[in-house]
Amino acid sequence: MIFALCFTITVFLCSLPTGMILLTWMHDINPQQHGSKNIGMSNVWRIKGAFMGGLTLVGDLLKSYVALHISAKLGVSDTMLSVIGVTAVLSHCYSIYLRGRGGKGVATAGGVLLYTTPYLCLGLAFLWFITRKISQKASIASLITSIFAVIISHWYASEWSPMILVLLLIIFWRHKENLSRIRSKTELSSHILPVDPL
């Protein structure tokens, strides 16, 4: 019964499309109609700059962190907490509020890692920003960081390693179009686009 409650809370909380809510509320812009048409931090950053991208990042991190925190406080075991973590990311990627559409899951997965393996999360965040700075492509940074998350967790956070592997698979699946664009050298950069409200 407790797990069912935590699962439901996670789905409703982590399905919230932070980037869309912020851009629509503050700028009357729908991120699904601009840039990569994604609702996550990278596209929001691309559309309206670092401040809005940062707010989106914080929102997407917090919703999964809070979902896991609530679940742990209600007594969910570590094994079931891993399921909650995966549910959080899937809920972001396939939001019930957007009829199954959503983001790529990277920031929400970051919130899961921030709760379960905070030191690993901080190290991966540093790696993500460095890789993004070098490549100028958030997708490349996200994919490389996800691979390192699985490798490092195998040695330093083995109890969470299966969950992190599943998160990697979700992130790679959600980036399949990015992978095609990377191969064809048509992937969008992280540069800000001039966007006016519709």
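The values are calculated or read from the model by the stated rules, or taken from the named source; none is laboratory data. Since this is a predicted model, take the numbers as computed values, not measurements. For neighbour counting, all protein chains shown are included, and Cβ atoms are generated from backbone atoms with ideal geometry for every residue, glycine included. Keep in mind that these areas ignore ligands, DNA and RNA; they rest on the heavy atoms of the full protein, side chains included. Shrake-Rupley method; radii C 1.70, N 1.55, O 1.52, S 1.80 Å.
Dipole magnitude for the chain: computed about the Cα centre from +1 point charges on Lys and Arg Cβ and -1 point charges on Asp and Glu Cβ, it is near 540 debye. With the Cα gyration tensor of the stretch 12-91 giving a ≥ b ≥ c as the square roots of its eigenvalues, does the rule (a/c under 1.5 for rounded; else a/b larger than b/c for prolate; else oblate) give rounded, prolate or oblate? Here the stretch 12-91 falls in the prolate category. Think of the chain as having a plus end and a minus end, set by charges on the Cβ of Lys, Arg, Asp and Glu; of His69, Ser153, Leu143, Leu143 sits farthest toward the positive end of this dipole. Thr24 exposes around 70 Å² of accessible area when a 1.4 Å probe is run over every protein chain in place. The helix-only estimate of mean residue ellipticity at 222 nm for the chain, built from DSSP H runs of length n ≥ 4 each weighted as -39500 (n - 2.57), is -23000 deg cm²/dmol after division by the residue total. Across the stretch 58-198, the relative contact order, built from alpha-carbon pairs under 8 Å that are at least six residues apart, equals 23 percent. Extension gain, Thr186-Gln136: 0.36 nm per intervening residue step, less the Cα-Cα distance, totals 16.7 nm. Under the criterion of Cα pairs below 8 Å and six or more residues apart, the relative contact order for the stretch 25-71 equals 22 percent. A Förster radius of 41 Å, combined with the Cβ-Cβ distance separating Ala125 from Arg99, puts the computed FRET efficiency at roughly 0.85.
On a 0 to 90° scale, report how tilted helix 2-14 is relative to the longest principal axis of the chain, with both axes built from alpha carbons and the result rounded to the nearest 10. Taking Cα atoms only, the helix is inclined about 10 degrees. Under a GNM of the chain (C-alpha, springs under 10 Å), which listed residue has the highest mean-square fluctuation: Lys63, Lys37, Lys137? Checking each option, the largest mean-square fluctuation is seen for Lys37. Solvent-accessible surface (1.4 Å probe) assigned to Asp28 amounts to roughly 90 Å².
Pick the calculated Cα Rg over 2.2 N^0.38 Å for this structure from (1) 0.98; (2) 1.10; (3) 1.04? Of the listed options (1) 0.98; (2) 1.10; (3) 1.04, (1) comes from this structure. Each Lys and Arg Cβ is given +1 and each Asp and Glu Cβ -1; about its Cα centre, the stretch 1-114 then shows a dipole of about 240 debye. Against the main long axis of the alpha-carbon atoms of the chain, helix 138-156 sits at an angle near 20°. Springs between Cα atoms under 10 Å define the GNM used for the chain, and in it the highest mean-square fluctuation of Ser71, Ser180, Ser146 occurs at Ser180.
Going down the table (Lys133/Lys176; Lys37/Lys73; Lys48/Lys73; Lys137/Lys176; Lys73/Lys176), which pairs top 25 Å between alpha carbons? The answer is Lys37/Lys73; Lys48/Lys73; Lys73/Lys176. Computed from Cα atoms, the angle from the helix 118-135 axis to the main principal axis of the chain rounds to 20 degrees.
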